[in-house]
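Encoded as structure tokens, the structure appears first; notes follow it.
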Amino acid sequence: MLFLPLLDRGWKLPALPTRRGNLIAWSGLALAIAGLLVWQPQSLPYAVSALFLAALPEEWFFRAYFMTRLGQGRSSNLIASLLFSLLHGLTRDWATSLLVFVPSLAYGWLYQRTRDLPLLVMVHALSNLVYAVFLAEYIAAFLGNLR
């Protein structure tokens, strides 16, 4: 799935935005991630794997390729987010599928507004890190209480 964009001759890699605002946003996100890792250094292996094995390939495929190939507008974001959630449900569980749907819509909206793939990858990696460090145990307990 991740190699599909490379095989599609009609698709081009998104241009790397180099405006000052992009550089400032990337720096701020990098500082936030670094700050979390200084505070919680045991999360470093998770952060690296979340960046390279989750955020980068998922945003590369679902936003930069798939959503772009679907076209502009809300419907492309909705379809990409539904597929993103469905695949999380198939590979993990359906609670995870529901938990990633709204963030996926936000990532899609952000990508449609900025066309900034590095920004999106860093936002996704930061949200995964925040989820793992702060929210995962509370959400698991909450979902366990619902059963």
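Here the label points at Ala141 and Ala32, each 7 Å from Cα along the C-beta direction, are separated by 2.5 nm in the simple model. Taking Rg and Dmax of the Cα atoms in Å as calculated from this structure, the corresponding entry among (1) 15.9, 49; (2) 16.6, 54; (3) 18.3, 63 is (1). Taking label positions 7 Å along the Cα-Cβ direction at both Phe134 and Ser75, the computed distance is 3.7 nm, reported to one decimal. Of Ile79, Ile33, Ile24, the residue with the greatest mean-square motion in the GNM of the chain, using alpha carbon springs below 10 Å, is Ile24. Note on Arg115, Arg9: ascending count of other Cβ atoms within 10 Å places them as Arg9, Arg115, the fewest first. In a fully extended conformation the segment linking Thr114 and Leu16 would gain 34.2 nm over its present Cα-Cα distance, using 0.36 nm per residue. When the chain is treated as a GNM with alpha-carbon contacts under 10 Å, the residue of Asn22, Asn128, Asn77 showing the greatest mean-square fluctuation is Asn22.
No lab work stands behind these numbers, since they all come straight from the coordinates. Nothing here was measured: the structure is a model prediction, and the numbers come from that model. Glycine also receives a Cβ, built like all others from the backbone with ideal geometry; neighbour counts cover every protein chain displayed.
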